[in-house]
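To start, the structure itself, in structure tokens.
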Amino acid sequence: MPGDPDIMEDGSGHSETPWRSVPLELHHPYSRFSDWKFKLFRVKSMEKAPLPGDSQPVGEQPQRGPPEACTSTPPEVAVEEGAGVSPGTPGSVMRLCLGGKTKESLESVGLRVDRKLQEIDTHMNHLRTLCRLCGTALHRVKGGPEREVQGELDESSRISLRRMGCKAKGWPEVILKVFKVDVAGDMETVHPPSFCHRCWKAAMRGGGFCCFSGTQLAQWTPHSALCHVCFPRKPSLQRKGRKRCQPSRGALHHLPRAKRLKSDLHTHSLVDNGRPWRAADQGPSSNAWPRPNLQKALWVRNVTRCKNVHLGADRLREDFPIDFVRAVTCQVCDHLLAEPLQSPCKHLFCRTCIQQYSRAVGQHCPACGLPCSPFDLVSPTKAFLGILNSVPLCCPKEGCGDPVPLGSFGTHCSSHQEEKEEEDQARKRQWQAYSNGYMPINKGGRPRQHLLSLTRRAQKHRLRDLKNQVKTFAEKEEGGDIKSVCLTLFLLALRAGNEHRQADELEAMMQGRGFGLHPAVCLAIRVNTFLSCSQYHKMYRTVKATSGRQIFQPLHTLRSVEKELLPGFHQFEWQPALKNVSSACNVGIIDGVAGWAASVDDAPVDTIARRFRYDAALVAALKDLEEDIMEGLKEHGLEDSECTGGFKVVVKESCDGMGDVSEKHGGGPCVPEKAVRFSFTVMSISVQVEGRQEAITIFQELKPNSELSCKPLCLMFVDESDHETLTAVLEPVVAERNAMRESRLILSVGGLPRFFRFQFRGTGYDEKMVREMEGLEASGSTYICTMCDSTRMEASKNMVLHTITRSHEENLERYEIWRTNPFSESVEELRDRVKGVSAKPFMETQPTLDALHCDIGNATEFYKIFQDEIGEVYLKGNPSREERRSWRSALDKQLRKKLKVKPVMRMNGNYARRLMTREAVEAVCELVPSEARREALKEVMELYLQMKPVWRASCPAKECPDQVCRYSFNSQRFAELLSTTFKYRYDGKITNYLHKTLAHVPEIIERDGSIGAWASEGNESGNKLFRRFRKMNARQSKSFELEDVLKHHWLYTSKYLQKFMEAHRNSAKALEATIDPVECQDDNDLVLDVTNSLNL
């Protein structure tokens, strides 16, 4: 950073030539002597400004000399203690340096302020007129007001950024994200306090996350004698025809020494009005200072010695402006740039000149004096080199009036020499032919074909020599970058042919900006709109052909972004290392049935499975949440030193079958057309802070049941009821999960390595999947519940008073009893002992209630109750099948007439939500003949609607506290109605989900705090995504098809792409609300082009 004392000290003493032999203006302003002197000067500056009560000692005469050395005794001036000036207000630095006094009060009593402090005050006044980001003068930028860098967001900007997903509260956070500039440590003596309206528009277009415009950031340095803010350097070059005055040897012999010049530099520094301060005893005709330009010209000529090598500015063919001439000339030798190099401070020099200058004077910039090592010098941009090489020059040959570009000046001069040699050779051959009678004969043959009409092999053969020459040049000059050399040649050829549109696109592509969208935005558009490769490529070509600009990025650019977002890209480490898991980090999609023959007795493979490795997938999910983690730490004010206890990550696991996913396309082995997906969701991330007992939650998933937060881990073509195949595929996942529980992850987040421990909770399973994983009997078993040991008869007699008794460890013990039968019992006695465990549990699940399937199951039961009440089953015995069909038909017609609900073959979530409403009960009651039964139906539905929010809410204690308190009473009343009014249906039997709803909900809420947040709704919502992605990636091989589906489903859930997509969707609306439509007309046209292309 400029102004850093360490850097200032390190970059001061690299000169091999003694400083006394170097002219004044070439002195490095950041030398150790200058730094030390500036510190001492600040201390003495405060000593020169005495307090009001101080007086000069008697007998001490005031010094004579320059005004900065003169002091006088101040009169008695009353100054209030603590002037009330805060350090952040303008002018506070001046008051602090003057001991609480202002410049006006001191000058009013005849005192003179130290000239150094006046320069700092002037420097700060100049800074207040410039933009902090781009360095442009604020009065030149029109269209809106400037804004404070350290200020809070104004109302309109805050609302606009919030629409695009940015939660920043102040401008420092927005500037850090958009321009990658940390303004938190700005100093008012170094950095401007405001930024312009143009930079504000760039921040708003990027949505507070990125910058879509090529804003060139300014570099700010502390004030010095050669400050480019206060004293803009005058151009050292004039128009052609300038005569240089060479000083005589006597003048060079009597040059003042470096130490004398350095002190005079401070004496003659500029002040507020831009004029040099002259001492009182110096007259206008004083000869103490020689002319600096003559001194520099003589000294540089002796150092570089490039007069006979480089071209002078007098070769320019036209009368260019002085600013343009200065831009294409070397800042060291004043010649036209030859092999230009650019310093970090954006100054240009010839390669040989800056190298000789650095060896002679020191490693700093000759123009501004900032530290500049040879390793910091880079080649200028391709656009500038194209302009430089196209500058027209005059040919040195007499009679040749052609304008010669600077890039081809050497070739042009060589052509004249070759023409002369050819003329000599032609004369010689003519003389030989004349003398020998020889005449050349044309042997004929087919004409030479054009390069583009040849095959690729023939093109390589013809361009072989050129390719070797380019390769040699690239290895020698450009570090082996052959691509840049070829693109530059192509760019120059386009410029020479006046094909500027294609040249601009090529140049934009070479500089990495371009007219188009960010690759991440293009990837987000492709994934969210379910475009296949061919569809996206067609859209890319169509938009490029119609608009003439490359708005969308090609497919190979999108694939490079995919690699960064998919598992297997980031480096990580486990301590201790995971058991039976490879330590490799770059592991992508793997085969889910690897090792099948060794695990299932050489059974043939009748399934296809693809998955990510569990630890690599968790690492990719955490890196995707890196920005949210850092924002959480910042919101809670936690420093890195306080987070030594590590982070705790709670992961929800989900697994469910997707039913029939058969498609007509695809080949390969004969596999089941039913699929199962295993996924996980990062629910929360907390950190244990030293000195606090409770952990602080820094991230909480706001939408835990959304398909955007449910990340797929494994996809397989298998029936969910196939216990053996499901066990074989998911067994490696279980092993990896158990190994991660006993270890901790070391991952770089926010630039620092951090520790993560994981807690896995398998709650996203429906009852069928829970029974498969825990080895329990099917849903129609006598043992009705997966959380307690009660039978169906016990649950119907006692509907409310039950507790959770089952666990994974207990199921494993009961399976061993079932397998060994240690007590030699009969089948019925053994089954009663193990409470329905009939297979080996292979995955641990959390005893809980799945809210989504609970609603569907209860809605199915109410649908049957409605049919029974319509047919008055409580008065009849066993109704026939035809009667039940008639009741169902009447119910469907009534619901379709009143609620516009179409009948379904199988109950689903949408139908269940429409059925379990008060409007549905009112419609059904019109078909129920008895008034008492109608009231009973309404009361049962009302009780159910009061209990439903308790297990559906993500946080019941906040969303429905009254229903939580009344849940026990409502469940008792609900059970009483079922056992009395509807006894004909619940006499000795009850459904599984009704039992869990009445018996276990309060206990689960007390243990976990929520049921709805841990449901499997996110995994169920991903079923439609599987079908969409399978159609999107239709391929001949189902194996590759499954890999593409898994990859794009993972990208669909990426938070990184979601933010880009949200910013892209809302950018047009935000621009219309915040920016003048006249100013952003071009940007709106771009957005319209993109929108139209998506509708192709």
Two-site FRET efficiency, Ser408 against Asp376, from Cβ-Cβ distance with R₀ of 25 Å, rounded to 0.05: 0.25
FRET E, pair Thr820, Asn798, Förster distance 35 Å, beta-carbon r, rounded to 0.05: 0.60
Over the stretch 848-1014, relative contact order from alpha-carbon pairs under 8 Å, at least 6 apart, %: 29 percent
Spin-label pair Glu942/Cys965, simplified geometry with 7 Å Cα→Cβ offset, distance in nm: 2.0 nm
With DNA, RNA and ligands ignored, accessible area of Phe969 (1.4 Å probe; Å², nearest 10): 130 Å²
Stretch gain in nm, segment Ile696-Glu152, where the contour uses 0.36 nm per residue and the Cα spacing is subtracted: 193.2 nm
Pair Ser662, Ser213: separation of 7 Å Cα→Cβ label points (nm): 5.9 nm
Amide H within-cut-off set for Met658, under 5 Å, with H built and near neighbours excluded: Ala675, Val676, Arg677
Cut-off 15 Å (backbone N to label point 7 Å along Cα→Cβ of Lys898), residues of the stretch 852-877: 863-871
Set Lys544/Lys1059; Lys476/Lys544; Lys167/Lys902; Lys142/Lys1055; Lys563/Lys1024 screened for pairs whose C-alpha atoms are more than 32 Å apart: Lys476/Lys544; Lys167/Lys902; Lys142/Lys1055
Under 5 Å, built H, 5+ apart or other chain: amide partners of Phe647: Phe755, Phe756, Arg757
Amide H within-cut-off set for Leu130, under 5 Å, with H built and near neighbours excluded: Leu138
Percent RCO, i.e. relative contact order, over the stretch 130-205, from Cα pairs under 8 Å lying at least 6 residues apart: 48 percent
Accessible area in the full protein assembly, largest first, 1.4 Å probe, for Phe349, Phe473: Phe473, Phe349
Relative contact order of the stretch 458-511, pairs being alpha-carbon contacts under 8 Å that are 6 or more residues apart, as %: 22 percent
Packing-based order for 182-193, 781-792, using average beta carbon neighbours within 10 Å, highest first: 781-792, 182-193
Residue-wise HN-Hα coupling along the stretch 326-339, computed from phi with Karplus coefficients 6.51, -1.76, 1.60 (Hz; x: Gly, Pro): 5, 6, 9, 10, 6, 7, 9, 9, 6, 9, 5, 4, 10, 6
Sorted peptide list for 751-763, 709-721, criterion being average Cβ within 10 angstrom, highest first: 709-721, 751-763
Among 839-847, 419-427, the order from most to least packed when residues are scored by Cβ within 10 Å on average: 839-847, 419-427
Surface per residue (accessible, 1.4 Å probe) for the stretch 566-766, Å²: 43 Å²
Gyration tensor (alpha-carbon) shape descriptor, the stretch 295-411, a/c threshold 1.5: prolate
Contour minus Cα-Cα distance for Val587 and Glu882 (0.36 nm per residue): 100.2 nm
The stretch 519-564 shape via C-alpha gyration tensor axes, a/c threshold 1.5: prolate
Label-point separation, Glu724 to Leu489 (7 Å along Cα→Cβ), nm: 6.6 nm
Whole-Hz couplings from phi, Karplus 6.51/-1.76/1.60, listed for the stretch 315-325; x for Gly and Pro: 7, 4, 7, 10, 8, 6, x, 5, 5, 5, 4
Contour minus Cα-Cα distance for Ile482 and Phe231 (0.36 nm per residue): 86.1 nm
List Asp892, Asp722, ordered by accessible area with a 1.4 Å probe, largest first: Asp722, Asp892
Cα centroid separation - the stretch 514-545 against the stretch 679-709, whole Å: 34 Å
Residues in the stretch 200-220 that a label on Arg140 would reach, taking backbone N under 19 Å of a point 7 Å out along Cα→Cβ: 200-202, 214-220
Rounded Å value of the spacing that divides the Cα centres of the stretch 322-366 and the stretch 710-786: 65 Å
Per-residue ³J(HN,Hα) for the stretch 648-661, Karplus 6.51 cos²θ - 1.76 cosθ + 1.60, θ = phi - 60°, Hz, x for Gly and Pro: 10, 10, 9, 10, 9, 9, 9, 8, 7, x, 9, x, 7, 10
Sites Ala577 and Glu639 - FRET efficiency at Förster radius 35 Å, r taken between beta-carbons, to 0.05: 0.70
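The values are calculated or read from the model by the stated rules, or taken from the named source; none is laboratory data. Computed from a prediction, not measured in an experiment: that's the story for all the values here. A quick note on method: Cβ atoms are made from the backbone with ideal geometry, for glycine too, and the neighbour counts reach across all protein chains shown. Ligands, DNA and RNA are excluded from the accessible area calculation, which covers all protein heavy atoms including side chains. Shrake-Rupley method; radii C 1.70, N 1.55, O 1.52, S 1.80 Å.
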